[in-house]
């Protein structure tokens with residue numbers, strides 16, 4: 001296992017390692033180019049020796065060239081395709097092996113040293129992710145299904161804005177309000193203070209007042225509303241993986257109904273909606289929140305591909321890094337490359353921390369709301385995911401240029 005979180009970035013990383021090893025052997029062993037590069041590097045090192053009257057530059061160059069050649073370039077080993085952490089934890093919808101087969105790679109041929117370095121960094125990062133998960137009593141949560149909480153946040157906010165899309169289901173909801181909720185609510189309000197918070201249709205204080213028919217109708221309606229937005233069992237996964245089986249059904253159903261009432265309050269107040277009518281959607285002008293949600297959705301959907309492509313690009317560029325290393329014999333070039341790799345591989349850790357903080361905010365908000373789940377209000381999730389990526393990019397940038405900056409100052 002290379003340590004890729006999703007099958008997509010795992011496949012791209014394995015592809016990069018495979019192609020990197022093939023390019024190194026082709027350039028430095030199987031073609032005349034390797035001899036030319038060695039000769040040019042040797043002449044440059046010899047020039048530095050003549051200028052400084054010191055054989056150190058020539059010895060260092062030969063040591064760097066032949067060590068890299070013997071340890072990194074020449075040896076390769078055949079590896080079986082290994083799955084990502086998501087696959088190891090039970091994900092089956094997409095496999096790393098299938099992606100590599102589509103790319104024409106049936107058998108991996110990889111430099112064992114590069115594979116060892118990559119696995120070492122991945123093991124360190126994945127171990128740190130697991131520690132963060134354990135600190136929040138959600139073991140393997142992020143590695144098993146990254147961005148699940150962010151996806152839930154986007155789903156509930158979109159549902160709140162869009163309301164109930166199924167017109168038949170919408171009609172059943174309004175009829176339930178007419179036949180059961182409003183009659184019970186009128187009696188409930190008469191016995192309460194005027195400034196007391198009015199509960200929603202699924203509140204326990206209201207549900208206990210329904211008739212047997214009303215209780216049965218609400219149970220069926222709640223299941224239908226929940227199933228209408230619980231695509232691929234995503235909310236069930238979140239309940240199981242993050243909240244020890246505590247269902248989020250009440251929260252998402254309340255979100256859906258609240259959003260529908262906010263969009264079309266007349267349908268509920270006048271009780272004039274019919275399933276034969278078309279739902280009139282309120283269309284406003286530019287909405288910053290909708291734009292942010294759209295960008296966040298694209299980011300979350302495309303992140304595995306983007307992250308995998310960057311890792312693939314980095315590994316494929318490694319033979320070019322070796323060319324500059326052999327010509328200059330400056331070991332800092334190699335150090336900068338692996339620092340950059342380490343910075344990129346740290347990204348899942350930053351995203352895990354962001355995910356954990358968002359869950360903590362969710363818990364605190366739920367506590368402050370006396371057990372009432374207002375998950376559509378938690379906008380922190382996507383912002384923290386983006387912040388994690390920005391932090392990773394900044395670290396990579398710092399690692400790439402810190403040595404260059406020092407060299408310029410001296």
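No value in this document is a laboratory result; all are computed from the given coordinates. Computed from a predicted structure; not experimentally measured. All Cβ positions, glycine included, derive from the backbone under ideal geometry; neighbour counts span all protein chains shown.
For a footprinting-style exposure proxy, rank 174, 357 by other Cβ within 10 Å, fewest first.
The order, fewest Cβ neighbours first, is 357, 174.
Determine, for 350, 142, 299, the number of other Cβ atoms within 10 Å of each Cβ, and report the residues in order from fewest to most. If you can, show how the numbers build up before the last one.
Working: 350 21, 142 28, 299 16.
Result, fewest neighbours first: 299, 350, 142.
At a 10 Å Cβ-Cβ cut-off, how would you order 130, 208, fewest neighbours first? List each step's numbers first, then the result.
On the way: 130 17, 208 9.
Result, fewest neighbours first: 208, 130.
With a ≥ b ≥ c taken as the square roots of the eigenvalues of the C-alpha gyration tensor of the stretch 97-138, please select rounded if a/c is under 1.5 and otherwise prolate if a/b is larger than b/c or oblate if it is not?
On the way: a/c = 6.39, a/b = 1.84, b/c = 3.48.
Here the stretch 97-138 falls in the oblate category.
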